[in-house]
Amino acid sequence: MLEAGRDLIEASGNVDDLSISDIVERAGTSIGAFYRRFDNKDVFFEVVQDRVMTENLEVVRAELAGHAAWRSADAGTLADAVVALYVRAFRRNRGLYHASLLRSSQRKGSWNPIKETSEEVLGMIVPRLVAALNEARGRSVKRSALDFEVRAALQLVIGLLVNSMLHDPGPLALSSRRLGPYLQMQFRRCLGLPDA
């Protein structure tokens, strides 16, 4: 049921468009089976959301451990990897993020799991980029100042991704091939790095 629900959420991007009948039909189960596991559709969505956020953290950990860019000491390489990571996450979870944002206007805590996951991801990637920036600038800069600079620049990138998701189609749609390179260029510029 969770996989079926996730597929339906990704397709619609709105929990209100999701029916329990659609979930159980797609999962090949029954409404009774649904209610034995979940009190209602909101609880179901929260379980799906938590599961997806756990999966996202696993994907990030695997990428950081396995992809050569994350072992680089080059600030530009790391900056590009950071943006690529976020673009892929938004593309992979577009419907769930959209549904979570819509729900956040009705249920204040519904965006919290995504914010908490993002904070955990930032904790894994920001120190790497701060160290590389410090090295690239060739002078000792307070780490707290660089940390702020990276987080503020990332907030701009994430904000643009959210805007692209909410206002698609637009000049920077999530599906656009130009989105990743454009955001990488802007992120580099925010950090005072040369264009690739």
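The values are calculated or read from the model by the stated rules, or taken from the named source; none is laboratory data. Since this is a predicted model, take the numbers as computed values, not measurements. Neighbour counts run over all protein chains shown; Cβ positions are idealised from the backbone, glycine included.
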Output the number of the condition that ARG103 fails; it satisfies all remaining conditions of (1) at pLDDT below 90; (2) of a type in the set (D, E, K, R); (3) part of a helix (DSSP H, G or I); (4) surrounded by fewer than 16 Cβ atoms within 10 Å (Cβ to Cβ).
-> (4)
Residue tally, condition closer than 15 Å to PHE90 by Cβ and not aliphatic (A, V, I, L, M), over the stretch 182-196 = 3
Single residue of GLU149, GLU119 found to be surrounded by fewer than 20 Cβ atoms within 10 Å (Cβ to Cβ) and closer than 27 Å to GLN49 by Cβ | GLU119
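Yes/no matrix, rows are residues, columns are (1) more than 17 Å from the chain's Cα centre (by Cα); (2) of a type outside the set (Gly, Ala, Ser):
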site: VAL150; (1), (2): no, yes
site: GLN155; (1), (2): no, yes
site: ILE158; (1), (2): no, yes
site: MET165; (1), (2): no, yes
site: PRO169; (1), (2): yes, yes
site: LEU172; (1), (2): no, yes
site: SER175; (1), (2): no, no
site: MET185; (1), (2): yes, yes
site: ARG188; (1), (2): yes, yes
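Looking at ALA145, ALA152, ALA99, ALA132, can you tell me which residue is over 30 Å from SER19 (Cβ atoms) and touching a helix residue (DSSP H, G or I) at 6+ places or on another chain (Cβ under 6 Å)?
ALA132
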Quick one: which helices (runs of 4 or more DSSP H) sit completely within the stretch 1-90 and have at least 2 residues that are farther than 30 Å from LEU146 by Cα and more than 20 Å from the chain's Cα centre (by Cα)?
-> 20-27, 31-37, 41-66
Matching residues in the stretch 138-196 (β-branched (Val, Ile, Thr), in contact (Cβ under 8 Å) with a residue 40 or more places away in the chain and farther than 30 Å from ALA11 by Cβ) number 1
Read through the list (1) closer than 25 Å to ARG188 by Cβ; (2) surrounded by fewer than 14 Cβ atoms within 10 Å (Cβ to Cβ); (3) out of contact with any helix residue (DSSP H, G or I) (no Cβ under 6 Å at 6 or more places or on another chain); (4) of a type outside the set (Asp, Glu), then give the number of the only condition that SER19 fails.
-> (1)
Within the stretch 159-174, the count of residues that are at pLDDT 90 or above and loosely packed, with under 15 Cβ neighbours inside 10 Å comes to 3
